[in-house]
1. Considering only residues that are at the interface with chain C (Cβ under 9 Å from one of its Cβ atoms) and open to solvent by less than 30 Å² (accessible area, probe 1.4 Å), which ones fall in segment B:84-125?
2. Please work out if A:Thr133 is part of a strand (DSSP E or B) and farther than 27 Å from B:Leu193 by Cα.
3. For the subset of segment C:158-215 comprising residues that are buried (at least 20 other Cβ atoms within 10 Å of the Cβ) and hydroxyl-bearing (Ser, Thr, Tyr), which member is nearest to C:Met144 (Cα to Cα)?
4. Here's a check for you: in segment C:98-150, which residue that is within 14 Å of chain B (Cβ to nearest Cβ) and among the basic types (Lys, Arg) is farthest from C:Ala160 (Cα to Cα)?
5. So, in segment B:185-209, how many residues would count as being assigned to a helix (DSSP H, G or I) and facing chain A (nearest Cβ under 8 Å)?
6. Is there any pair with a first residue in segment B:126-142 that is facing another protein chain (nearest Cβ under 7 Å) and a second that is open to solvent by 10 Å² or more (accessible area, probe 1.4 Å) whose Cβ atoms are under 6 Å apart and which are 6 or more apart or on different chains, and what are they?
7. Can you find even one residue in segment A:61-69 that is surrounded by 15 or more Cβ atoms within 10 Å (Cβ to Cβ), farther than 24 Å from A:Leu142 by Cβ, in contact (Cβ under 8 Å) with a residue 24 or more places away in the chain and in contact with a helix residue (DSSP H, G or I) (Cβ under 6 Å, 6 or more places away or on another chain)?
8. If a residue counts only when it is of a type in the set (D, E, K, R), which strands (runs of 3 or more DSSP E) contained entirely in segment C:183-273 have at least 1 such residues?
Amino acid sequence: MKQTRTVEIVTGFFIILGFIALYVIATRATNIRAYGDSNGYNVTASFTNVGGLKVRAPVTMSGVAVGRVTDIRLDPKSFNAIVTIQVNGAYREIPDDTTASILTSGLLGEQYIGLSPGGSDTFLKQGSQITYTQSAIVLENLIGKFLSSGKATSGGK
Amino acid sequence: MRLLREAYYIVLEFLEMLGACVLFLMRLIRLIPQSLLRPRLIFQQIFSVGGMSLVLIMVSGLFIGMVLGLQGYNTLNKFAATSALGTLVVLSLLRELGPVVTALLFAGRAGTALTSEIGLMRATEQIAGMEMMAVDPVRRIVVPRFLAGVISMPLLVGIFNAIGILGGFLVGVGLMKVDIGAFWSQIHSTVDLHEDFMSGVLKSFVFGIATTLIAVFEGYYAQPTAEGVSRATTRTVVNSALAVLALDYLLTAFMF
Amino acid sequence: MAASSQKNTDNVVEITGLKYRRGEKLIFDRLNITIPRGKITAIMGPSGTGKTTLLRMMTGQVLPDRGRVIVEGRNIARLDGDELYELRKSMGFLFQNGALFTDYNVFENVAFPLREHTKLQERLIHHVVLMKLQAVGLRGAWSMMPGEMSGGMARRVALARAIAMDPKIIFYDEPFTGLDPISMGVIVRLIRVLNDSLGLTSVIVSHDVAEVSSVSDQSYLISNGKVVARGTPEELERNKSAWVRQFLEGLADGPVPFHYPSLDYATQLLGEEST
């Protein structure tokens, strides 16, 4: 029979090495920081159009990542989109009159939510709703507006 | 007309093998709880199945990672997008190359060893002997090996990927002078824990089950002669490879 | 010992009307065999008559097409997996090549059934294993690996393993084949001694007439799927049947022909090609 001590040592080494490798990859080579912040709190925002916004899209303020989109669903009564944002626990002093806008990164990139701070003295907390929102800019509507305004000006001349 | 008949037989044979394999799997699963009472046996097998493949996997991972770094750099350079090299290396490894290449190497190294070991026991009547002593050879011999394979595969893939990323890093940043900050920051923002990492882990589990199952199945049902064992070993490699590649497509289509 | 059997307590195994086919060939044709308790019974016959298959039927590894195999009062074909395993715990089986586990040493091999079936402490197992090895004369070889031993020694270790659980019946599949005269003598002596001292019932399948005759209490001679003769070695010696004479005396030609069935020699030579 093979020497059991060597067997056990090498096996143990192999198993530990495997788990370490998996752990290192998971923590160092992925976007794990964007997940599961146990300190975080959830707020909601209502949009008439979320455009191409996806769950797990980043939420930034002044370009700094402060949270993630965790849920997008339709309000059956108002037919608006209700977006749930999980805000990082480190940011507890976001004024409750902050505006949430759906922006596009780059010209044709991913959509994300950008927060512009208001001036209120009361802050967002668990369950708050962001009242001021700016929906996504849909490219077709924009082109449509441009064309019709072009007609208006040339027609009016 | 003859060709059609040939094809018909091949399909029938394939279905038969698939069915027999799955039934065998059910039998193995039913015996797992009993087998867990003897962890010593399982550890012994993890050593021979996983531990002995370690060096092969590590070296292969390093080379594949380095090639990814090299090829990736050459291609991205044409689009002046070399800062995406890190993402390219990590995504390729985690999603596809890690699970698939490791599974193929595993089938070749550990799979054939399992098949020939069990087949030889069958040929020298050790399995019949065990049955005569009222010990279920499937529980005693096959299940520990099966569990060892299923446990070892994800770990091996993890090691393969980690070293592969290291290889890509060494070539990309060390050799081709890609900016180290760009290399890692893009990775952190693009590689997703669920979509990329977890799906890779899922793939390695599935591949582990498939390759180990095929290996022990071929060994257990091999013809009890020297020729029978060697043919079974060949079948293990071929069938494992086909199964892994087919499953890879199915899983990828399902997950992405 | 076996007061619990419903039927004959004199016979450990009763085979009646056995019929078994493999492919086209009828291997057994209405065979009847009884194995009496406490005695050594031999089953002899030319190669290929299915003697080993008969042993496998007694242990439940092969099921008959027709007829019944009753072991210790129970019909083997009716037992389910668990009951069969229970029955096998009281049987010992010596394979032709020993079938030792190649990656365990002698001690581990003999200890195997004890470790699997009993919850005995290691110290106790240690004693039992050494005892069994002593019975076959190999106590000093406990640390050897099967690959390091001669065929005769391997077979003795296998025997020690077969008696490890103190079985009631022990089956020997060609135990004398391929051994030198000394080893053969050892096995012959062991079979007799173990049978008597442990109160076993032994079934030997073999075609080594001389060895078998020196040790068996009763022998069956099987040919073409039927029992051709039965009796004590002395009774068989006196048997005048052509089959028996050819087998016991090792005659090249007789009821079992020298020539394999073929076309007329002259016809085949003179240009009528084969097939």
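1. Matches in segment B:84-125: B:Met121 only.
2. Spelling it out, A:Thr133 is indeed part of a strand (DSSP E or B) and farther than 27 Å from B:Leu193 by Cα.
3. It comes out as C:Tyr172.
4. It comes out as C:Lys119.
5. Total satisfying the criteria: 8.
6. Short answer, once both residue conditions are applied: B:Met132/C:Phe93; B:Ala134/C:Tyr85; B:Ala134/C:Arg88; B:Ala134/C:Lys89; B:Val135/C:Glu116.
7. So far as segment A:61-69 goes, yes, one or more of its residues are surrounded by 15 or more Cβ atoms within 10 Å (Cβ to Cβ), farther than 24 Å from A:Leu142 by Cβ, in contact (Cβ under 8 Å) with a residue 24 or more places away in the chain and in contact with a helix residue (DSSP H, G or I) (Cβ under 6 Å, 6 or more places away or on another chain).
8. C:226-231
The values are calculated or read from the model by the stated rules, or taken from the named source; none is laboratory data. Fair warning: this is a prediction, and the values are worked out from it, not measured in the lab. Reconstructed Cβ throughout: ideal geometry from the backbone, glycine too, with neighbour counts over all protein chains shown. Please note that ligands, DNA and RNA were not included when accessible areas were found on the heavy atoms of the full protein model with its side chains. Shrake-Rupley method; radii C 1.70, N 1.55, O 1.52, S 1.80 Å.
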